[in-house]
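What follows is calculated from the coordinates using simple rules that are stated; it is not laboratory data. Note that this is a predicted model, so its numbers are computed, not measured. For neighbour counting, all protein chains shown are included, and Cβ atoms are generated from backbone atoms with ideal geometry for every residue, glycine included.
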């Protein structure tokens, strides 16, 4: 990734996070009420779950086959997340698995600090491979090529419905989801003060919803189920019951 692209990512993160910090006070200043806030927080976490599963388990690792409705839900979550286009995510994350915690890993604690990771200043000196399967799926290809246009259309739609709703939609959702992504990618690769894979605590499942089982995932990256005999993977349960054509393994 070019330095110019990295700078744009950093600016986006700073702007949306700043807006996210101010979003709840501004929401109540505009006359917002608790029921809508609670509903939007639930929507935010739902979109976070859909985008995480879509980016990671479906597009990057192809660990399950979604039905049509599941595919639409995940693509909606990916667009609404405001994180990155699907193709860029897949290329970066596949490189992360291929070069885990080496100099060519795009986001290893070995190469960058937590703050750099939070700013989106990933290692750009990495070999990436374009996911050719994107070209075979017209809908996926369309979403990827028009990612930010679709994102803008969604922003304008929410804004046209309600200013109060918009205030706590993208800024708060992005801030919450991006922090969860960075927390996972940094601390799941640091064990006892040294760089090394580990599963995060069961408490972190409240906001990572299965992704906290990071070492399990790296051990078996093609499996949709990150759980084991002692840990439950909520993300896999959600995939099996709501997104996949058939039960996952």
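Report, in degrees rounded to the nearest 10, the 0 to 90 angle that the Cα long axis of helix 86-98 makes with the longest principal axis of the chain. Tilt relative to the chain: about 30 degrees. Potential lengthening of the chain between residue 163 and residue 98 amounts to 19.0 nm, from the contour at 0.36 nm per residue minus the alpha-carbon distance. Working note: Cα gyration tensor of the chain, eigenvalues times five, square-rooted, sorted largest first, giving semi-axes of 27, 21, 20 Å. In plain terms, the chain from residue 129 to residue 202 could stretch by 22.9 nm, reckoned as 0.36 nm per residue minus the Cα-Cα distance. In whole Å, what is the distance between the alpha-carbon centres of segment 172-246 and segment 42-78? A separation of 14 Å, based on Cα centres. Between residue 62 and residue 88, the FRET efficiency estimated from the beta carbon spacing at R0 = 22 angstrom works out to 0.80.
Helix 147-161 axis versus longest C-alpha principal axis of the chain: approximately 30°, rounded to the nearest ten. Using the rule -39500 (n - 2.57) for each DSSP H run of four or more residues, divided by the residues of the chain, the 222 nm mean residue ellipticity is -17500 deg cm²/dmol. If one takes the longest principal axis of the Cα atoms in the chain, at what angle in degrees, from 0 to 90 and to the nearest 10, does the Cα axis of helix 3-29 lie? Result, in degrees: 40. The packing ranking of peptides 152-160, 98-106, 81-89, 137-145, highest mean first, is 81-89, 98-106, 137-145, 152-160, where packing means the average number of other beta carbon atoms within 10 angstrom of each residue. Note on residue 229 and residue 156: their simple-model spin labels are 5.7 nm apart, each label 7 Å out from Cα toward Cβ. Shown for 190, 167: other C-beta atoms within 10 Å of each C-beta, ranked fewest to most, produce the order 190, 167.
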